[in-house]
Each structure stands twice: as structure tokens, then as C-alpha cells.
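Data block below; observations after.
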Amino acid sequence: MKQLQILEPGKAAWRDTPKPSPGPGEALVRVKAVSTCPHWDLHIMHGKPMFEGFQLNYPYWPGQPGHEMTGVIEQLGPDTVGPTPGTTVAAWRDSGPYRNGAYGEYACLPAENLIEVPSSLEPAEIAPLELAMCVHVSFDQLAELGSLDGVMLGLTGMGPGGLIAVQIGKALGAHVVAYDPVADRRELALSLGADEALDPAAESRAQRFLDFAVDCTGAVPAISFLIDRTKRAVTLFGVLRNNLNFPPSHWYGGFSLVGYGEHNRRSAERALRLVVDGKLRLDPLISRTLPFTEYERGVELLARKEAIKILFVP
């Protein structure tokens, strides 16, 4: 089989390697497509750790960082409970960086991280399900604080996560206000259901008019922008890398600043249900479909912000 491997920063190869056999608890999947998780791909291709303290060693693990995968089960490992061979699946959870990833013609993945999906869905419509699960985790956290039906919901950052958040917010009944400084991203947010899409610099409402908010950037200025305008809770989906001040003005009144929760199958199932019901479209996030042999080109498109996500196919 063929498999992608990042050999060093800026250099990847589509190489011959033995077709793997699934071990206990694993499933061998014939990969149909893998969508980029832009931050992972950009960081690893550019030699920059994704998280503080995360070590990068090259050549990087074969098939990594591919994890937003859809494919067909070919074989189950010994004593493995999971979808039967021939079933179309998607990976709902990243299997972690310290094992072979899904960028290849075949991948051995933990069966518990796979979920059956309708075979009628095109790869672009379902490959990013893992990201949809991740975003839904933040909404499940907000749901513990109150219903989103009829509330004002603010979202910062119309990257892949933010565009998914727009659709989940609308599906839950919120009035969605999307913020992004890039006009094209605001237009895409409106096309996916946002009620308002604004440049943060143009927001004239300084009072706390939002009920809830989700930050999808991880940037302190964007989070502070939401905190200043939100009454009940801001939850942090974007990866936070710097210290954040909690303003004294929000000490009183029951305001909550909520860190990110845990990946879980229930959130994945809820996201999948939205996809199947037509309330969550993942294909508009895919800017290009490219063969794995053009991986370097695809990541460069992400770096130049000429693509939101790339769908790679064998």
C-alpha cells in the first residue's frame, strides 16, 4: 500500500509500505478520504509543536497527522467488537499522535473510535465528522447552563470550527452572530445560516447583549471581545495558548468562562444526526480535493489562507 509520511519540516513523501494487519481492538479501514485538521497539518509540516511541551521528531509517524477519515471496514482484529467488514465508517475521535495515522490507502484504527455512517454520503460530506464532534462538545457544555433556543449566540473565528458552530447554533434555535475580520468568511457564515456576520472592528454594541458565546480562535483578543459582550457564558473551543484576564466586571451576576470539555461518542452521534438530517453541512468547508501526492501543495494553500480545508484522497 501507499502511505504519506512527513520526513522533515516542509517535506512529505507518498511511500510504499506493507499493508497493516489489525491487532486486538483494531479495524483495518480502506481509506476513501481524509480532510485536513489545518492547525495540526500546518504545525507539523512547519516544525512547530501544536501544544506547549509537545515534542516533534522527524521523520514523523507514518500517516500522521491524518485523523478526519472516512472509509470502509475491511477487516477486524482478533476479539474486536465493531462495525462489520463492508461498513462505511468515519473516525469520530483522533487516535492520538503516537501511532500510525490515516493518511494512506489503508489504516489500522481503534474500532471504538469509528462510527457507522450512511454509505450514500460523499466523502466531503462526512470526513470532517471528528471536527464536528469536537465543536459539539462545546455546545453540550453550554447546554448544561441553559437552552440555546431563542438566545443570542456570539461566535468568533469563521474557520472550519466556527463554520460548524454556526450551523449547530442554528440547529439548536439560537440567533447566531458570527464575527470574523475576513469578508469571504463572513459571507460563507451567512450562507450557512448565520443571522449576522460582522467584522469585530465594526461591532458598535459594547454592552453585554449576547447570552452565550463560543470562541473558535484561541486568541486572547477575540475571547476578551466576547467576554465584554456576553451575559451568561463564554466557552473556549479554540486552543488557548496565552494567559487570559478575567475582568472584575464579570465577577458578579453568574457569568461563566468555560474551558474545553472531553471528546465523547455522544457528541459525535449528535453531530452525525445533524449531518444526516441536513442541518449540518460539512462539504462547504472543503475548498479543494487533492491526491495525497499533492500533500505539500495542499498544506501550502492552507498556509496562504487560500483554502479552509483540503480533502485528500488516495
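The values are calculated or read from the model by the stated rules, or taken from the named source; none is laboratory data. Bear in mind that the values here come from a model prediction, so they are computed numbers and not experimental data. FYI the Cβ positions are ideal-geometry reconstructions off the backbone, even for glycines, and counts take in every protein chain you see. Accessible surface is based on the protein model in full, side chains and every heavy atom, while ligands, DNA and RNA are left aside. Shrake-Rupley method; radii C 1.70, N 1.55, O 1.52, S 1.80 Å.
List of remarks:
- Within the option set His263, His250, being of a type outside the set (A, V, I, L, M), surrounded by 11 or more Cβ atoms within 10 Å (Cβ to Cβ) and without any contact (Cβ under 8 Å) to a residue 40 or more places away in the chain holds for one residue only, His250.
- Unique residue being under 26 Å from Glu144 (Cα atoms), within 14 Å of the chain's Cα centre (by Cα) and not hydrophobic (A, V, I, L, M, F, W, C) when the list is Tyr260, Tyr252: Tyr260
- Any hit, the range 16-29, residues being modelled with pLDDT of 90 or more and polar (S, T, N, Q): yes
- Test: residue in the range 69-79 that is open to solvent by 10 Å² or more (accessible area, probe 1.4 Å) and closer than 17 Å to Leu290 by Cα: no
- Checking each residue of the range 11-26 against the condition of being within 24 Å of Gly159 (Cβ to Cβ) and within 16 Å of the chain's Cα centre (by Cα) gives no match.
- Qualifying residue in the range 294-309 (condition: among the acidic types (Asp, Glu), more than 17 Å from Pro128 (Cα to Cα) and touching a residue at least 24 places away in the same chain (Cβ under 8 Å)): yes
- Scanning the range 283-299 for residues that are out of contact with any Ser or Thr (no Cβ under 8 Å at 6 or more places or on another chain) and under 29 Å from Ile168 (Cα atoms) returns Asp283, Ser287, Arg288, Thr289, Leu290.
- Contact map, the range 28-39: residues that are under 13 Å from Ala91 (Cβ atoms) paired with residues that are among the acidic types (Asp, Glu) and assigned to a strand (DSSP E or B), Cβ distance under 8 Å, separation 6+ or inter-chain. Pairs shown: Val29/Glu74; Val34/Glu68; Ser35/Glu68; Cys37/Glu68.
- Some residue of the range 54-65 being at negative phi, at pLDDT 95 or above and out of contact with any Pro (no Cβ under 9 Å at 6 or more places or on another chain): yes
- Filtered residues of the range 98-120 (kept if of a type in the set (Ser, Thr, Tyr) and out of contact with any Leu (no Cβ under 9 Å at 6 or more places or on another chain)): Tyr98, Ser119, Ser120
- Checking each residue in the range 18-53 for being touching a Leu at 6+ places or on another chain (Cβ under 7 Å), of a type in the set (A, V, I, L, M) and open to solvent by 10 Å² or more (accessible area, probe 1.4 Å) picks out only Leu42.
- Filtered by the rule that a residue be surrounded by 22 or more Cβ atoms within 10 Å (Cβ to Cβ) and assigned to a strand (DSSP E or B), the range 277-314 gives Ile286, Lys309, Ile310, Leu311, Phe312.
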